[in-house]
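The values are calculated or read from the model by the stated rules, or taken from the named source; none is laboratory data. Everything quoted here is computed from the prediction, not taken from an experiment. Here Cβ is always computed from backbone atoms with ideal geometry, including for glycine, and neighbour counts include all displayed protein chains. Surface areas here come from the heavy atoms of the whole protein model, side chains and all, with no ligands, DNA or RNA. Shrake-Rupley method; radii C 1.70, N 1.55, O 1.52, S 1.80 Å.
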Amino acid sequence: AQSVTQLDSQVPVFEEAPVELRCNYSSSVSVYLFWYVQYPNQGLQLLLKYLSGSTLVESINGFEAEFNKSQTSFHLRKPSVHISDTAEYFCAVTRRGNTGKLIFGQGTTLQVKP
Amino acid sequence: SQTIHQWPATLVQPVGSPLSLECTVEGTSNPNLYWYRQAAGRGLQLLFYSVGIGQISSEVPQNLSASRPQDRQFILSSKKLLLSDSGFYLCAWRQSYEQYFGPGTRLTVT
């Protein structure tokens with residue numbers, strides 16, 4: 001079975017500072033990895049995904065994540081955050097080839113302060 | 001393009017009352033569909049998933065049930081709500097390996 005651990009429940013950071021949201025997963029088989037973002041009282045939006053190929057994946061709004069197989073991690077980073085990045089971020093994993101069930105971490109609340 | 005709808009957006013129901021939440025997807029056919037629950041301050045828990053009409057898999061034994069009467073319709077139900085059923089319910093559909101979520105239904109059981 002797969003599991004996902006997001007190491008920080010809350011991450012406060014000042015505007016324009018860099019941020020890293022940590023995600024570790026556990027799986028005995030190959031997986032696909034995702035980051036989702038949730039703004040208050042809204043559904044989840046796919047931020048970025050790792051399926052194969054380059055281990056560094058980027059989103060259109062400046063976030064990036066790096067798949068590290070040896071450390072079973074998929075940390076999310078942004079070099080300079082904005083107030084509008086304040087949201088909850090979820091890391092998720094799915095096993096290749098199954099019915100597509102996603103296993104989510106508990107979420108990390110990113111709070112960007114002015 | 002594909003869109004996913006959920007209704008109602010919010011719902012307040014007394015303990016013991018029935019529940020019906022609806023999810024519909026547009027712009028795709030035969031999607032895999034999922035119901036998740038997000039309790040306050042917690043992550044998402046997969047409740048049910050469906051790979052086709054009439055095919056429902058339950059992930060967690062509980063007070064809820066799901067049905068898929070049409071290809072792009074997924075319904076979450078309960079005969080008698082419990083206080084513990086309160087939460088934010090999210091429907092999702094699968095494209096390739098990623099899932100796309102609806103706007104959610106906030107359910108408060110009083």
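When A:VAL29 is tested against (1) assigned to a loop (DSSP other than H, G, I, E, B); (2) without any contact (Cβ under 8 Å) to a residue 40 or more places away in the chain; (3) away from chain B (no Cβ under 11 Å); (4) of a type outside the set (Phe, Trp, Tyr), exactly one condition is not met: (2). Of the residues making up the range B:70-95, those that are open to solvent by 70 Å² or more (accessible area, probe 1.4 Å) and either free of Cβ contacts under 8 Å to residues at least 60 places away in the same chain or in contact with a helix residue (DSSP H, G or I) (Cβ under 6 Å, 6 or more places away or on another chain) (or both) number 3. The numbered conditions (1) polar (S, T, N, Q); (2) at pLDDT below 95; (3) surrounded by fewer than 13 Cβ atoms within 10 Å (Cβ to Cβ) are all true for A:THR72 except (3). Hey, any hits in the range B:103-110 for a residue that's surrounded by 14 or more Cβ atoms within 10 Å (Cβ to Cβ) and farther than 19 Å from B:GLN13 by Cα? Checking the range B:103-110: at least one residue is surrounded by 14 or more Cβ atoms within 10 Å (Cβ to Cβ) and farther than 19 Å from B:GLN13 by Cα. Restricting to the range A:96-114, what's the tally of residues that are crowded, with 19+ Cβ neighbours inside 10 Å and within 14 Å of chain B (Cβ to nearest Cβ)? Of the residues in the range A:96-114, 7 are crowded, with 19+ Cβ neighbours inside 10 Å and within 14 Å of chain B (Cβ to nearest Cβ). Taking the conditions exactly as written (more than 17 Å from B:PRO103 (Cβ to Cβ), touching a strand residue (DSSP E or B) at 6+ places or on another chain (Cβ under 8 Å), among the hydroxyl-bearing types (Ser, Thr, Tyr) and touching a residue at least 40 places away in the same chain (Cβ under 8 Å)), does B:THR28 satisfy them or not? Yes: the conditions hold for B:THR28.
Candidates are the residues of the range B:21-47 that are of a type in the set (A, V, I, L, M, F, W, C) and open to solvent by 10 Å² or more (accessible area, probe 1.4 Å); the one that is modelled with the lowest pLDDT is B:ALA40.
Quick grid of which residues meet (1) over 28 Å from B:CYS23 (Cβ atoms); (2) touching a residue at least 60 places away in the same chain (Cβ under 8 Å); (3) touching a His at 6+ places or on another chain (Cβ under 9 Å); (4) not aliphatic (A, V, I, L, M):
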| residue | (1), (2), (3), (4) |
| --- | --- |
| A:ASN41 | no, no, no, yes |
| A:LEU51 | no, no, no, no |
| A:THR109 | no, yes, no, yes |
| A:PRO114 | yes, yes, no, yes |
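Scan the range B:54-68 and give yes if some residue there is within 10 Å of chain A (Cβ to nearest Cβ) and open to solvent by less than 60 Å² (accessible area, probe 1.4 Å), otherwise no. Yes, because at least one residue in the range B:54-68 is within 10 Å of chain A (Cβ to nearest Cβ) and open to solvent by less than 60 Å² (accessible area, probe 1.4 Å).
Looking at the structure I just gave you, is B:SER17 more than 10 Å from every other protein chain (Cβ to nearest Cβ), in a loop (DSSP other than H, G, I, E, B), at negative phi and of a type outside the set (Val, Ile, Thr)? Against the criterion (more than 10 Å from every other protein chain (Cβ to nearest Cβ), in a loop (DSSP other than H, G, I, E, B), at negative phi and of a type outside the set (Val, Ile, Thr)), B:SER17 qualifies.
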